[in-house]
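Chemist: This is the structure I want to talk about, given as structure tokens.
Any read-out appearing in this document is the output of simple, stated calculations on the displayed coordinates, not a laboratory observation. This is a predicted model, so every value here is computed, not measured. Cβ coordinates were reconstructed from backbone atoms using ideal geometry, including for glycine residues, and neighbour counts include every protein chain displayed.
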Amino acid sequence: MSNWVLLLGGSTGHGAAVAKQLAKEGYGIIAFHFDRGEAKKIAEQTITEVSSLSSGRCHYFNVNAASEKTIEKYIPKIKKLTSGEPIKLLLHSIAFGTTTNFFGSKPVTQRQMDMTVHVMANSLLYWTQKLYEEKLLKNGSRVMGLTSEGNYLAMDGYGPVSVAKVAMEAIIRQIGWELGSVGITANAVQAGVTPTRALTKITDNWESWVANTKKRNPMGRTTKPEDIAGTISMMLKPEADFINCSIIYCDGGESRSGSI
């Protein structure tokens, strides 16, 4: 087992926090991001910091990680970086999809729906299949994805992403069920509302979401990207070898709060 991790979405938000945390712990970071404009500037800052934390053992690729061509092109490069050794973690942290309702003035289209589910769910399966085929996932490897409360709650503008989250959870559950026998586990981490750039793209009312979350969360605050990074770090330890096909809640009890 190598000490390399592969992050699909590692430049901002949760993915960036995971990259920094694992770089501090000695892991080499291989990450994909798809940033332009202002987001690219944020990504460059993250890459500089991760490079410093990992003593240069980080490789970021600014391409569409959900593309089949990207998977085919970069798997050999990943294999070369790890010297053919399996990676410890494959994390799906891509937050890119259509945020609109099913009905109304701008109902979601089939193209938008297909894109959202592919990018935020199906792409994890295709990466996992190829990595496993190339023996880059073996006993002790983890496959993980990030989910949200939208997996069981209906919210304004969140329908397409909600569908994608549920699909990703099903994919993760099935991966863990099929590959658990060879020691490869798959789990999702459910974060609470987190004030990240992605949240501002979901709704114009994101500030009220944050304010309301602080009121209903038993711990009186929103989730931080660093909380998620710490949870994923714990999941890489040998003590977590038997956790499989599960959703790990890291939200301070937010999803269990009856407060409105």
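Chemist: Starting from the 7 Å offset along Cα-to-Cβ, what nm value, one decimal, do you get for the label separation of Lys69 and Lys41?
Modeler: 3.0 nm
Chemist: Output the 0 to 90 degree angle, nearest 10, between the alpha-carbon long axis of helix 13-24 and the longest principal axis computed from the alpha carbons of the chain.
Modeler: The answer is roughly 30 degrees.
Chemist: Pairs Lys41/Lys215; Lys41/Lys224; Lys77/Lys165; Lys20/Lys41: which exceed 23 Å Cα-Cα?
Modeler: Over 23 Å apart, Cα to Cα: Lys41/Lys215; Lys77/Lys165.
Chemist: Quick one: angle between helix 225-235 and the longest Cα principal axis of the chain, in degrees between 0 and 90, rounded to 10, please.
Modeler: Here the helix axis deviates by roughly 40 degrees.
Chemist: Name the long-range amide H neighbours of Gln190: under 5 Å, sequence gap of 5 or more, or other chain; modelled H, no Pro or chain starts.
Modeler: For Gln190, the qualifying residues are Thr147, Ile248, Tyr249, Cys250.
Chemist: Using alpha carbon centroids, what distance separates the range 13-41 and the range 118-150, in Å?
Modeler: 17 Å
Chemist: Okay, next question. Find which of Phe61, Gln190, Asn101 sits farthest along the positive direction of the dipole of the range 4-252, computed with +1 on the beta-carbon of Lys and Arg, -1 on that of Asp and Glu, about the Cα centre.
Modeler: Result: Phe61, furthest along the dipole toward the positive end.
Chemist: Between Lys80 and Ser52, 0.36 nm times their residue separation minus their Cα-Cα distance comes to what?
Modeler: That works out to 7.9 nm of additional length.
Chemist: For the range 51-64, in order, what is each residue's ³J(HN,Hα) by Karplus, 6.51 cos²θ - 1.76 cosθ + 1.60 with θ = phi - 60°, in whole Hz (x at glycine and Pro)?
Modeler: Karplus-based 3J(HN,Hα) across the range 51-64 equals 4, 5, 5, 9, 6, x, 8, 9, 9, 10, 10, 8, 9, 6 Hz.
Chemist: Among Phe242, Phe61, what is the fewest-to-most ranking by other Cβ atoms within 10 Å?
Modeler: Phe242, Phe61
Chemist: Next question. What size of dipole, in debye to the nearest 20, comes out for the range 55-188 about its Cα centre when the only charges are +1 on Lys and Arg C-beta atoms and -1 on Asp and Glu C-beta atoms?
Modeler: Computed charge dipole of the range 55-188: roughly 500 debye.
Chemist: Hey, if you put +1 on the Cβ of every Lys and Arg and -1 on every Asp and Glu Cβ in the chain, which of Ser257, Tyr126, Pro160 ends up farthest toward the positive end of that dipole?
Modeler: Result: Tyr126, furthest along the dipole toward the positive end.
Chemist: Normalising by the residue count of the range 4-252, find the relative contact order in percent from Cα pairs under 8 Å and 6+ residues apart.
Modeler: Relative contact order for the range 4-252 comes out at 21 percent.
Chemist: Can I ask one more? Would you calculate, for the chain, the mean residue ellipticity at 222 nm contributed by helices, counting each DSSP H stretch of 4 or more residues as -39,500 (n - 2.57) and dividing by all residues, to the nearest 500?
Modeler: -13500 deg cm²/dmol
Chemist: Further question on the same structure: So what's the angle, to the nearest 10 degrees on a 0 to 90 scale, between helix 159-179 and the longest Cα principal axis of the chain?
Modeler: That works out to roughly 30 degrees.
Chemist: Charges at C-beta only: +1 for Lys and Arg, -1 for Asp and Glu. How large is the resulting dipole of the chain about its Cα centre, in Debye rounded to 20?
Modeler: So the magnitude is around 340 debye.
Chemist: Less than 13 Å Cβ to Cβ from Val143, Lys/Arg counted +1 and Asp/Glu -1: what total charge do the surrounding residues give?
Modeler: +3
Chemist: Taking θ as phi - 60°, what are the ³J(HN,Hα) couplings along the range 99-106 by the Karplus curve (6.51, -1.76, 1.60), each to the nearest whole Hz, with x for Gly and Pro?
Modeler: 10, 7, 8, 6, 10, x, 6, 9
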